[in-house]
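Here the structure is laid out as C-alpha coordinates; the discussion comes afterwards.
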Amino acid sequence: DGYTASRVMGQGYSYTYDDIILLPGYIDFPTEEVQLSTRLTKNISLRTPCVSSPMDTVTEAQMAAAMAVQGGIGIVHYNMGLQEQAHLISKAKTFRAGFVSEPACLKPSDTIAQVDQIKLSKGFSSVLITENGQIGSKLLGIVTSRDIDFVSDRFTEVRDVMSMDLVTAPEGCTYEDASNSLISSKKSLLPIVRETGEVVELLCRTDIKQQRDFPALGTPSLGSDGKILVGAAIGTREGDKKRLEMLVNVGVNVVVLDSSQGDSIYQREMLAFSKRAYPELDVIAGNVVTSYQARNLIEAGADGLRVGMGSGSICTTQEVCAVGRGQATAVYKTAGIAKQMGVPVIADGGIANSGHIVKALVLGASTVMMGSFLAGTAEAPGDYFFQDGRRLKKYRGMGSLEAMTKGSDVRYLGDKSKLKIAQGVSGAVADKGSVMKLIPYTMHAVKQGFQDLGFRSIEAAHDGLAQGQIGLEVRTGAAQAEGGVHHLVSYEKRSF
Ligand code: XMP
(Lines give C-alpha, C1' and ligand atoms only; values in the text may rest on other atoms or scores of the structure.)
Protein backbone atom coordinates (compact mmCIF):
# COMPACT_ATOMS: atom_id res chain seq x y z
CA ASP A 1 0.00 0.00 0.00
CA GLY A 2 1.05 3.59 -0.53
CA TYR A 3 4.07 4.72 -2.51
CA THR A 4 7.73 4.86 -1.68
CA ALA A 5 9.20 8.22 -0.73
CA SER A 6 11.33 8.32 -3.86
CA ARG A 7 8.24 7.90 -6.02
CA VAL A 8 6.12 10.47 -4.14
CA MET A 9 8.97 12.97 -4.03
CA GLY A 10 9.99 12.44 -7.64
CA GLN A 11 6.92 13.88 -9.28
CA GLY A 12 7.94 17.49 -9.65
CA TYR A 13 5.79 18.86 -6.81
CA SER A 14 6.99 20.83 -3.81
CA TYR A 15 5.28 19.22 -0.83
CA THR A 16 4.79 20.62 2.63
CA TYR A 17 4.36 18.39 5.68
CA ASP A 18 0.59 18.74 5.46
CA ASP A 19 0.54 17.55 1.84
CA ILE A 20 1.75 14.09 2.73
CA ILE A 21 0.59 11.35 5.06
CA LEU A 22 2.50 8.32 6.36
CA LEU A 23 0.78 4.93 6.30
CA PRO A 24 0.80 2.95 9.56
CA GLY A 25 3.00 -0.12 10.06
CA TYR A 26 2.85 -2.97 12.58
CA ILE A 27 3.19 -2.36 16.32
CA ASP A 28 5.05 -4.94 18.38
CA PHE A 29 6.52 -2.73 21.12
CA PRO A 30 5.29 -0.15 23.65
CA THR A 31 5.68 3.62 23.13
CA GLU A 32 8.35 3.78 25.83
CA GLU A 33 10.65 1.68 23.67
CA VAL A 34 10.86 4.37 21.03
CA GLN A 35 14.26 6.07 21.29
CA LEU A 36 14.60 9.58 19.92
CA SER A 37 18.31 10.03 20.50
CA THR A 38 19.99 11.47 17.48
CA ARG A 39 22.86 13.53 16.05
CA LEU A 40 22.82 17.30 15.68
CA THR A 41 26.13 17.39 13.80
CA LYS A 42 28.89 14.93 12.91
CA ASN A 43 30.22 15.08 16.47
CA ILE A 44 27.33 16.19 18.70
CA SER A 45 24.64 13.79 19.88
CA LEU A 46 21.36 14.72 21.55
CA ARG A 47 18.79 12.67 23.43
CA THR A 48 15.92 14.79 22.16
CA PRO A 49 15.73 15.84 18.47
CA CYS A 50 14.71 19.42 19.23
CA VAL A 51 16.59 22.64 18.49
CA SER A 52 15.35 26.14 19.24
CA SER A 53 15.78 28.64 16.46
CA PRO A 54 18.28 31.53 16.59
CA MET A 55 15.63 34.25 16.62
CA ASP A 56 15.43 37.20 18.98
CA THR A 57 11.94 36.20 20.12
CA VAL A 58 12.90 32.54 20.65
CA THR A 59 16.41 31.80 21.96
CA GLU A 60 18.39 33.61 24.62
CA ALA A 61 19.96 32.14 27.76
CA GLN A 62 16.79 30.85 29.40
CA MET A 63 15.53 29.02 26.31
CA ALA A 64 18.97 27.59 25.57
CA ALA A 65 19.21 26.26 29.12
CA ALA A 66 15.69 24.79 29.04
CA MET A 67 16.25 23.07 25.69
CA ALA A 68 19.47 21.50 26.99
CA VAL A 69 17.77 20.38 30.20
CA GLN A 70 15.24 18.55 28.01
CA GLY A 71 18.03 16.83 26.04
CA GLY A 72 17.88 19.17 23.02
CA ILE A 73 19.83 22.34 22.32
CA GLY A 74 19.17 26.06 21.88
CA ILE A 75 20.94 28.28 19.36
CA VAL A 76 21.31 31.80 20.76
CA HIS A 77 20.54 34.46 18.12
CA TYR A 78 23.03 37.17 17.17
CA ASN A 79 20.84 40.22 16.72
CA MET A 80 22.97 41.94 19.40
CA GLY A 81 26.56 42.95 20.10
CA LEU A 82 29.28 40.33 20.41
CA GLN A 83 29.83 40.86 24.11
CA GLU A 84 26.16 40.55 24.86
CA GLN A 85 25.89 37.29 22.91
CA ALA A 86 29.01 35.88 24.60
CA HIS A 87 27.51 36.85 27.97
CA LEU A 88 24.27 34.99 27.15
CA ILE A 89 26.24 31.87 26.20
CA SER A 90 28.15 31.95 29.51
CA LYS A 91 24.93 32.52 31.38
CA ALA A 92 23.19 29.57 29.70
CA LYS A 93 26.18 27.32 30.30
CA THR A 94 26.26 28.07 34.02
CA PHE A 95 22.49 27.66 34.40
CA ARG A 96 21.51 25.69 37.53
CA ALA A 97 18.59 23.44 36.69
CA GLY A 98 15.56 24.18 38.85
CA PHE A 99 16.72 27.61 40.07
CA VAL A 100 15.48 30.98 38.78
CA SER A 101 18.58 33.07 38.02
CA GLU A 102 16.70 36.26 37.18
CA PRO A 103 13.84 36.61 39.64
CA ALA A 104 11.75 39.78 39.57
CA CYS A 105 13.07 42.31 42.10
CA LEU A 106 11.85 45.72 43.30
CA LYS A 107 13.20 48.20 45.84
CA PRO A 108 11.32 49.14 49.04
CA SER A 109 10.05 52.47 47.68
CA ASP A 110 8.46 50.84 44.59
CA THR A 111 4.69 50.39 44.58
CA ILE A 112 2.16 47.57 44.47
CA ALA A 113 1.22 48.81 40.99
CA GLN A 114 4.71 47.74 39.87
CA VAL A 115 4.12 44.27 41.33
CA ASP A 116 0.87 44.15 39.31
CA GLN A 117 2.80 45.09 36.19
CA ILE A 118 5.38 42.31 36.75
CA LYS A 119 2.57 39.83 37.18
CA LEU A 120 1.05 40.92 33.88
CA SER A 121 4.20 40.93 31.80
CA LYS A 122 6.25 38.13 33.32
CA GLY A 123 3.57 36.00 34.94
CA PHE A 124 5.42 36.00 38.33
CA SER A 125 3.13 36.37 41.31
CA SER A 126 5.93 37.06 43.80
CA VAL A 127 8.61 39.71 43.83
CA LEU A 128 11.79 39.92 45.88
CA ILE A 129 12.42 43.24 47.60
CA THR A 130 16.10 44.09 47.64
CA GLU A 131 18.04 47.16 48.72
CA ASN A 132 18.50 48.55 45.18
CA GLY A 133 15.78 46.57 43.37
CA GLN A 134 18.28 44.29 41.61
CA ILE A 135 19.39 40.69 41.96
CA GLY A 136 22.75 40.55 43.77
CA SER A 137 21.68 43.20 46.27
CA LYS A 138 20.72 42.72 49.95
CA LEU A 139 17.41 40.86 50.40
CA LEU A 140 14.89 42.77 52.56
CA GLY A 141 11.59 40.98 52.00
CA ILE A 142 9.16 39.28 49.63
CA VAL A 143 5.80 40.42 48.28
CA THR A 144 3.43 37.64 47.22
CA SER A 145 -0.16 37.94 46.05
CA ARG A 146 -1.29 37.15 49.59
CA ASP A 147 0.35 40.38 50.79
CA ILE A 148 -1.43 42.61 48.30
CA ASP A 149 -4.71 40.92 47.27
CA PHE A 150 -6.85 43.21 49.40
CA VAL A 151 -4.87 46.44 49.38
CA SER A 152 -7.04 48.89 47.45
CA ASP A 153 -4.43 51.66 47.15
CA ARG A 154 -2.09 50.26 44.49
CA PHE A 155 0.32 53.17 45.05
CA THR A 156 1.18 51.82 48.50
CA GLU A 157 4.94 51.28 48.77
CA VAL A 158 6.01 47.65 48.91
CA ARG A 159 8.01 48.27 52.10
CA ASP A 160 4.66 48.63 53.91
CA VAL A 161 3.28 45.25 52.81
CA MET A 162 6.29 42.97 52.28
CA SER A 163 6.81 39.86 54.38
CA MET A 164 10.08 39.83 56.25
CA ASP A 165 9.73 36.44 57.86
CA LEU A 166 11.94 34.65 55.30
CA VAL A 167 13.42 31.22 55.00
CA THR A 168 16.57 31.27 52.85
CA ALA A 169 19.29 28.86 51.78
CA PRO A 170 23.02 29.52 51.39
CA GLU A 171 24.65 30.24 48.03
CA GLY A 172 25.94 27.08 46.32
CA CYS A 173 23.45 24.72 48.01
CA THR A 174 22.34 21.73 45.91
CA TYR A 175 18.90 21.52 44.30
CA GLU A 176 18.01 18.58 46.58
CA ASP A 177 18.92 20.45 49.79
CA ALA A 178 17.15 23.60 48.63
CA SER A 179 13.97 21.82 47.55
CA ASN A 180 13.82 19.83 50.80
CA SER A 181 14.11 22.99 52.85
CA LEU A 182 11.48 24.78 50.72
CA ILE A 183 9.04 21.88 51.03
CA SER A 184 9.45 21.67 54.82
CA SER A 185 9.20 25.45 55.24
CA LYS A 186 5.71 25.35 53.59
CA LYS A 187 6.59 28.68 51.96
CA SER A 188 6.22 29.33 48.25
CA LEU A 189 9.70 30.77 47.68
CA LEU A 190 13.23 30.07 48.86
CA PRO A 191 15.72 32.85 48.09
CA ILE A 192 19.33 31.71 47.88
CA VAL A 193 21.56 34.25 49.61
CA ARG A 194 25.23 34.96 50.21
CA GLU A 195 26.64 35.03 53.74
CA THR A 196 26.58 38.81 53.46
CA GLY A 197 22.84 38.83 52.72
CA GLU A 198 22.71 39.46 48.94
CA VAL A 199 20.21 37.33 47.04
CA VAL A 200 21.70 35.42 44.08
CA GLU A 201 18.89 33.14 42.87
CA LEU A 202 15.54 31.72 43.81
CA LEU A 203 13.76 28.39 44.10
CA CYS A 204 9.97 28.30 43.63
CA ARG A 205 7.53 25.74 44.98
CA THR A 206 5.66 25.72 41.65
CA ASP A 207 8.87 24.71 39.84
CA ILE A 208 9.45 21.82 42.23
CA LYS A 209 5.89 20.65 41.55
CA GLN A 210 6.42 20.98 37.82
CA GLN A 211 9.66 18.99 38.06
CA ARG A 212 7.79 16.30 40.01
CA ASP A 213 4.87 16.16 37.56
CA PHE A 214 6.85 16.69 34.35
CA PRO A 215 10.35 15.41 35.01
CA ALA A 216 12.92 16.49 32.41
CA LEU A 217 13.55 13.88 29.73
CA GLY A 218 16.60 12.28 31.40
CA THR A 219 19.91 14.02 31.87
CA PRO A 220 20.64 17.38 30.19
CA SER A 221 22.69 17.69 27.00
CA LEU A 222 26.24 18.09 28.30
CA GLY A 223 29.47 19.02 26.55
CA SER A 224 32.94 17.63 27.26
CA ASP A 225 33.40 20.55 29.72
CA GLY A 226 30.65 19.02 31.88
CA LYS A 227 28.46 22.09 31.27
CA ILE A 228 25.26 22.16 29.25
CA LEU A 229 25.46 22.30 25.46
CA VAL A 230 24.75 25.70 23.98
CA GLY A 231 24.89 26.82 20.36
CA ALA A 232 25.08 30.27 18.80
CA ALA A 233 24.34 31.77 15.42
CA ILE A 234 26.77 34.04 13.60
CA GLY A 235 26.86 35.75 10.23
CA THR A 236 29.48 35.58 7.51
CA ARG A 237 30.90 39.09 7.54
CA GLU A 238 34.44 40.04 8.50
CA GLY A 239 33.25 41.13 11.97
CA ASP A 240 31.78 37.69 12.58
CA LYS A 241 35.32 36.28 12.87
CA LYS A 242 35.76 38.31 16.06
CA ARG A 243 32.32 37.20 17.21
CA LEU A 244 33.31 33.59 16.63
CA GLU A 245 36.48 34.06 18.66
CA MET A 246 34.53 35.48 21.60
CA LEU A 247 31.98 32.68 21.45
CA VAL A 248 34.69 30.03 21.38
CA ASN A 249 36.34 31.73 24.38
CA VAL A 250 33.16 31.36 26.44
CA GLY A 251 32.82 27.68 25.46
CA VAL A 252 30.13 27.66 22.77
CA ASN A 253 29.60 24.06 21.65
CA VAL A 254 28.41 24.59 18.08
CA VAL A 255 27.85 27.53 15.75
CA VAL A 256 25.25 28.02 13.06
CA LEU A 257 26.09 30.12 10.01
CA ASP A 258 22.80 31.92 9.68
CA SER A 259 21.72 32.78 6.13
CA SER A 260 18.43 32.32 4.33
CA GLN A 261 20.36 31.05 1.26
CA GLY A 262 23.50 29.38 2.54
CA ASP A 263 25.10 28.04 -0.63
CA SER A 264 27.37 31.01 -1.13
CA ILE A 265 30.96 32.08 -1.29
CA TYR A 266 30.42 33.84 2.06
CA GLN A 267 29.55 30.62 3.90
CA ARG A 268 32.33 28.70 2.20
CA GLU A 269 34.87 31.29 3.30
CA MET A 270 33.53 31.33 6.86
CA LEU A 271 33.56 27.53 7.02
CA ALA A 272 37.16 27.50 5.81
CA PHE A 273 38.12 30.18 8.36
CA SER A 274 36.44 28.38 11.25
CA LYS A 275 37.94 25.01 10.34
CA ARG A 276 41.39 26.61 10.19
CA ALA A 277 41.06 28.59 13.41
CA TYR A 278 38.97 26.17 15.50
CA PRO A 279 39.22 22.66 14.02
CA GLU A 280 37.46 21.20 17.06
CA LEU A 281 34.32 23.32 16.71
CA ASP A 282 31.34 21.89 14.83
CA VAL A 283 29.78 24.29 12.33
CA ILE A 284 26.24 24.02 10.98
CA ALA A 285 25.82 25.63 7.57
CA GLY A 286 22.71 26.54 5.60
CA ASN A 287 20.00 27.09 4.88
CA VAL A 288 19.72 24.84 1.86
CA VAL A 289 16.85 23.06 0.12
CA THR A 290 18.46 21.20 -2.81
CA SER A 291 20.82 18.25 -2.93
CA TYR A 292 23.24 20.34 -5.00
CA GLN A 293 23.45 23.04 -2.32
CA ALA A 294 23.76 20.39 0.39
CA ARG A 295 26.69 18.71 -1.35
CA ASN A 296 28.46 22.05 -1.82
CA LEU A 297 28.27 22.99 1.85
CA ILE A 298 29.25 19.55 3.06
CA GLU A 299 32.26 19.57 0.75
CA ALA A 300 33.13 23.00 2.16
CA GLY A 301 33.29 21.45 5.65
CA ALA A 302 29.78 21.70 7.19
CA ASP A 303 29.28 19.36 10.15
CA GLY A 304 25.51 19.80 10.11
CA LEU A 305 23.05 21.14 7.54
CA ARG A 306 20.13 23.44 8.23
CA VAL A 307 17.35 22.86 5.74
CA GLY A 308 14.41 25.09 4.83
CA MET A 309 13.76 28.20 2.79
CA GLY A 310 10.59 30.17 3.17
CA SER A 311 8.72 27.48 5.11
CA GLY A 312 8.86 29.29 8.45
CA SER A 313 5.62 30.60 9.89
CA ILE A 314 6.86 34.21 9.70
CA CYS A 315 8.71 33.88 6.38
CA THR A 316 7.84 35.71 3.22
CA THR A 317 10.98 34.73 1.27
CA GLN A 318 9.05 32.61 -1.23
CA GLU A 319 6.71 35.50 -1.96
CA VAL A 320 9.35 38.21 -2.03
CA CYS A 321 12.11 36.34 -3.87
CA ALA A 322 10.23 33.47 -5.58
CA VAL A 323 12.84 31.06 -4.23
CA GLY A 324 12.50 28.21 -1.75
CA ARG A 325 10.90 24.79 -1.56
CA GLY A 326 8.06 22.96 0.19
CA GLN A 327 9.59 21.78 3.44
CA ALA A 328 8.79 18.05 3.17
CA THR A 329 10.42 17.89 -0.26
CA ALA A 330 13.38 20.01 0.89
CA VAL A 331 14.09 17.71 3.82
CA TYR A 332 13.79 14.55 1.74
CA LYS A 333 15.95 15.80 -1.13
CA THR A 334 18.78 17.15 1.04
CA ALA A 335 18.76 14.29 3.55
CA GLY A 336 19.57 11.69 0.89
CA ILE A 337 22.88 13.25 -0.08
CA ALA A 338 23.67 14.36 3.48
CA LYS A 339 23.23 10.79 4.74
CA GLN A 340 25.64 9.47 2.09
CA MET A 341 28.18 12.08 3.16
CA GLY A 342 27.67 11.41 6.89
CA VAL A 343 26.21 14.79 7.88
CA PRO A 344 22.94 15.14 9.86
CA VAL A 345 20.10 17.39 8.65
CA ILE A 346 18.18 19.87 10.78
CA ALA A 347 14.66 20.42 9.41
CA ASP A 348 14.19 24.14 10.05
CA GLY A 349 10.82 25.90 9.90
CA GLY A 350 7.20 24.99 9.34
CA ILE A 351 6.77 22.82 12.46
CA ALA A 352 3.30 23.51 13.82
CA ASN A 353 2.49 20.23 15.58
CA SER A 354 4.00 16.91 16.70
CA GLY A 355 2.88 15.25 13.46
CA HIS A 356 5.09 17.61 11.50
CA ILE A 357 8.04 16.57 13.69
CA VAL A 358 7.35 12.89 12.95
CA LYS A 359 7.20 13.61 9.21
CA ALA A 360 10.43 15.66 9.28
CA LEU A 361 12.30 12.94 11.19
CA VAL A 362 10.98 10.13 9.00
CA LEU A 363 11.77 12.00 5.77
CA GLY A 364 15.45 12.15 6.72
CA ALA A 365 15.99 14.91 9.28
CA SER A 366 17.90 14.04 12.45
CA THR A 367 16.56 17.03 14.40
CA VAL A 368 13.93 19.73 13.97
CA MET A 369 14.50 23.44 14.52
CA MET A 370 11.52 25.37 15.82
CA GLY A 371 10.63 29.03 16.02
CA SER A 372 6.92 29.61 16.38
CA PHE A 373 6.37 26.30 18.17
CA LEU A 374 8.57 27.53 21.05
CA ALA A 375 7.76 31.24 20.86
CA GLY A 376 5.21 32.25 23.47
CA THR A 377 6.64 29.88 26.09
CA ALA A 378 7.76 31.18 29.45
CA GLU A 379 11.41 30.65 28.40
CA ALA A 380 11.16 32.73 25.19
CA PRO A 381 12.51 36.30 25.47
CA GLY A 382 10.03 39.13 25.88
CA ASP A 383 7.07 39.97 28.02
CA TYR A 384 3.52 38.68 27.84
CA PHE A 385 0.72 41.06 26.96
CA PHE A 386 -3.04 40.75 26.72
CA GLN A 387 -5.06 41.26 23.57
CA ASP A 388 -8.72 40.34 23.04
CA GLY A 389 -8.64 38.48 26.36
CA ARG A 390 -5.69 36.29 25.35
CA ARG A 391 -2.18 36.20 26.77
CA LEU A 392 0.33 36.63 23.97
CA LYS A 393 4.06 37.04 23.38
CA LYS A 394 5.70 38.69 20.43
CA TYR A 395 7.14 36.52 17.64
CA ARG A 396 8.88 38.00 14.63
CA GLY A 397 10.87 36.87 11.61
CA MET A 398 14.54 37.79 11.63
CA GLY A 399 13.96 39.23 8.18
CA SER A 400 11.08 41.41 9.37
CA LEU A 401 11.64 45.16 9.19
CA GLU A 402 11.40 45.32 12.96
CA ALA A 403 14.22 42.80 13.52
CA MET A 404 16.34 44.12 10.64
CA THR A 405 16.28 47.56 12.17
CA LYS A 406 18.25 45.97 15.02
CA GLY A 407 20.80 44.49 12.59
CA SER A 408 19.58 41.07 11.46
CA ASP A 409 19.61 42.03 7.76
CA VAL A 410 23.03 40.31 7.61
CA ARG A 411 21.03 37.07 7.19
CA TYR A 412 20.39 38.23 3.66
CA LEU A 413 23.89 37.80 2.38
CA GLY A 414 26.07 40.36 0.72
CA ASP A 415 23.35 42.97 0.32
CA LYS A 416 25.10 46.29 0.87
CA SER A 417 22.28 48.49 -0.37
CA LYS A 418 20.46 50.84 1.96
CA LEU A 419 17.10 49.48 0.85
CA LYS A 420 15.68 47.08 3.38
CA ILE A 421 13.45 44.43 1.81
CA ALA A 422 11.51 42.51 4.43
CA GLN A 423 11.49 38.73 4.05
CA GLY A 424 9.50 38.14 7.18
CA VAL A 425 6.75 39.57 9.35
CA SER A 426 6.14 40.38 13.02
CA GLY A 427 3.23 39.14 15.04
CA ALA A 428 2.38 37.42 18.28
CA VAL A 429 1.68 33.88 19.42
CA ALA A 430 -0.42 32.53 22.29
CA ASP A 431 1.06 31.75 25.70
CA LYS A 432 2.21 28.11 25.60
CA GLY A 433 3.32 27.68 29.22
CA SER A 434 6.76 26.26 29.91
CA VAL A 435 9.10 24.40 27.57
CA MET A 436 9.51 22.02 30.52
CA LYS A 437 6.00 20.74 29.86
CA LEU A 438 5.71 21.40 26.12
CA ILE A 439 8.75 19.32 25.09
CA PRO A 440 7.95 16.20 27.18
CA TYR A 441 4.34 16.18 25.91
CA THR A 442 5.42 16.75 22.32
CA MET A 443 8.12 14.09 22.43
CA HIS A 444 5.66 11.58 23.83
CA ALA A 445 3.33 12.29 20.91
CA VAL A 446 6.27 11.89 18.49
CA LYS A 447 7.08 8.52 20.07
CA GLN A 448 3.48 7.45 19.52
CA GLY A 449 3.84 8.39 15.86
CA PHE A 450 6.97 6.24 15.53
CA GLN A 451 5.17 3.39 17.27
CA ASP A 452 2.25 3.66 14.81
CA LEU A 453 4.75 3.38 11.98
CA GLY A 454 6.41 0.39 13.64
CA PHE A 455 9.86 1.97 14.04
CA ARG A 456 11.79 2.20 17.28
CA SER A 457 14.27 4.93 16.36
CA ILE A 458 14.98 7.80 13.99
CA GLU A 459 17.83 5.85 12.43
CA ALA A 460 15.59 2.80 11.84
CA ALA A 461 12.90 5.01 10.26
CA HIS A 462 15.49 6.57 7.90
CA ASP A 463 16.55 3.10 6.79
CA GLY A 464 12.91 1.97 6.54
CA LEU A 465 12.07 4.92 4.31
CA ALA A 466 15.07 4.30 2.04
CA GLN A 467 14.14 0.63 1.72
CA GLY A 468 10.54 1.41 0.86
CA GLN A 469 9.14 0.00 4.11
CA ILE A 470 7.21 3.19 4.90
CA GLY A 471 4.29 3.93 2.61
CA LEU A 472 3.52 7.57 1.73
CA GLU A 473 0.63 9.25 0.00
CA VAL A 474 -0.17 12.77 -1.02
CA ARG A 475 -3.34 14.10 0.60
CA THR A 476 -5.95 15.90 -1.44
CA GLY A 477 -7.33 19.14 -0.04
CA ALA A 478 -10.41 17.26 1.19
CA ALA A 479 -8.23 14.58 2.84
CA GLN A 480 -6.28 17.30 4.64
CA ALA A 481 -9.52 18.86 5.85
CA GLU A 482 -10.70 15.44 7.00
CA GLY A 483 -7.40 14.90 8.84
CA GLY A 484 -8.02 18.03 10.92
CA VAL A 485 -10.91 18.82 13.23
CA HIS A 486 -14.10 19.18 11.21
CA HIS A 487 -17.88 19.38 11.45
CA LEU A 488 -17.69 20.47 15.03
CA VAL A 489 -19.52 23.44 16.42
CA SER A 490 -17.24 25.31 18.77
CA TYR A 491 -18.88 26.30 22.04
CA GLU A 492 -15.90 28.29 23.24
CA LYS A 493 -16.88 31.80 24.19
CA ARG A 494 -15.63 34.03 21.41
CA SER A 495 -13.77 37.08 22.50
CA PHE A 496 -14.68 39.33 19.57
P1 XMP B 1 8.94 28.48 12.29
O2 XMP B 1 7.96 27.93 11.27
O3 XMP B 1 9.39 27.44 13.25
O4 XMP B 1 10.21 28.92 11.45
O5 XMP B 1 8.40 29.68 12.94
C6 XMP B 1 11.38 29.37 12.04
C7 XMP B 1 12.46 29.52 10.99
O8 XMP B 1 12.10 30.52 10.03
C9 XMP B 1 13.29 31.09 9.48
N10 XMP B 1 13.16 32.55 9.58
C11 XMP B 1 12.81 33.34 8.57
N12 XMP B 1 12.61 33.07 7.27
N13 XMP B 1 12.07 35.34 6.88
C14 XMP B 1 12.26 34.09 6.40
O15 XMP B 1 12.06 33.87 5.20
C16 XMP B 1 12.26 35.69 8.18
O17 XMP B 1 12.08 36.83 8.58
C18 XMP B 1 12.68 34.64 9.06
N19 XMP B 1 13.00 34.61 10.39
C20 XMP B 1 13.27 33.33 10.66
C21 XMP B 1 14.46 30.57 10.26
O22 XMP B 1 15.06 29.58 9.47
C23 XMP B 1 13.78 30.01 11.51
O24 XMP B 1 14.54 29.00 12.13
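The values are calculated or read from the model by the stated rules, or taken from the named source; none is laboratory data. Because the structure is predicted, anything quoted here is derived from the model rather than measured. We place every Cβ from the backbone using ideal geometry, glycine too, and count neighbours over all the protein chains shown. Calculation scope for accessible area: heavy atoms of the full protein, side chains included, ligands and nucleic acids excluded. Shrake-Rupley method; radii C 1.70, N 1.55, O 1.52, S 1.80 Å.
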*Of all residues in the stretch 331-356 being in contact with a Lys or Arg (Cβ under 8 Å, 6 or more places away or on another chain) and part of a helix (DSSP H, G or I), which is least open to solvent (accessible area, probe 1.4 Å)?*
Ile337
*Residues in the stretch 39-98 that are closer than 19 Å to Tyr441 by Cβ, more than 16 Å from the ligand (Cβ to nearest atom) and assigned to a strand (DSSP E or B): how many?*
1
*For the stretch 264-318, how many residues are surrounded by 22 or more Cβ atoms within 10 Å (Cβ to Cβ), charged (D, E, K, R) and more than 19 Å from the chain's Cα centre (by Cα)?*
1
_Qualifying helices (runs of 4 or more DSSP H) (wholly inside the stretch 386-479; at least 1 residues being modelled with pLDDT of 90 or more and hydroxyl-bearing (Ser, Thr, Tyr))_ = 435-453
*Which of the residues that make up the stretch 239-289 are among the polar types (S, T, N, Q) and within 22 Å of Gly223 (Cβ to Cβ)?*
Asn249, Asn253, Ser274
*asked:* Taking the criterion of being closer than 25 Å to Lys394 by Cβ, open to solvent by 10 Å² or more (accessible area, probe 1.4 Å) and modelled with pLDDT of 95 or more, would at least one residue in the stretch 32-49 satisfy it?
replied: no
*Tally the residues that are within 13 Å of the ligand (Cβ to nearest atom), part of a helix (DSSP H, G or I) and modelled with pLDDT of 95 or more, restricting the search to the stretch 307-330.*
2
*Quickly run through the stretch 331-357 and pick out the residues that are within 11 Å of the ligand (Cβ to nearest atom) and within 15 Å of Val289 (Cα to Cα).*
Ile346, Ala347, Asp348, Gly349, Gly350
*Selection count where residues are closer than 19 Å to Gln62 by Cα and either of a type outside the set (Gly, Ala, Ser) or within 16 Å of the ligand (Cβ to nearest atom) (or both), scope the stretch 418-449*: 10
*Are any residues in the stretch 377-402 within 11 Å of the ligand (Cβ to nearest atom) and within 20 Å of Gly433 (Cβ to Cβ), and if so, which ones?*
Tyr395
*Return yes when Asp225 is within 16 Å of the ligand (Cβ to nearest atom) and either of a type outside the set (A, V, I, L, M) or more than 27 Å from Thr442 (Cα to Cα) (or both) and no when it is not.*
no
_For the structure I just gave you, tell me whether Gly286 is touching a residue at least 40 places away in the same chain (Cβ under 8 Å), away from the ligand (no atom under 13 Å from the Cβ) and on the phi > 0 side of the Ramachandran plot._
no
*Kindly list, by first and then second residue, each pair from a residue in the stretch 369-395 that is closer than 21 Å to Ala92 by Cα and open to solvent by 50 Å² or more (accessible area, probe 1.4 Å) to a residue that is in a loop (DSSP other than H, G, I, E, B) and within 16 Å of the ligand (Cβ to nearest atom), limited to pairs with Cβ atoms under 6 Å and residues at least 6 apart or on different chains.*
Gly382/Thr57
*Of all residues in the stretch 86-109, how many are more than 19 Å from the chain's Cα centre (by Cα), at pLDDT 90 or above and buried (at least 19 other Cβ atoms within 10 Å of the Cβ)?*
3
*Identify, from the list Ala360, Ala300, the residue that is more than 13 Å from the ligand (Cβ to nearest atom) and among the aliphatic types (A, V, I, L, M).*
Ala300
_within 16 Å of the ligand (Cβ to nearest atom), buried (at least 19 other Cβ atoms within 10 Å of the Cβ) and within 19 Å of Leu88 (Cα to Cα): is that true of Ala233 in this structure?_
yes
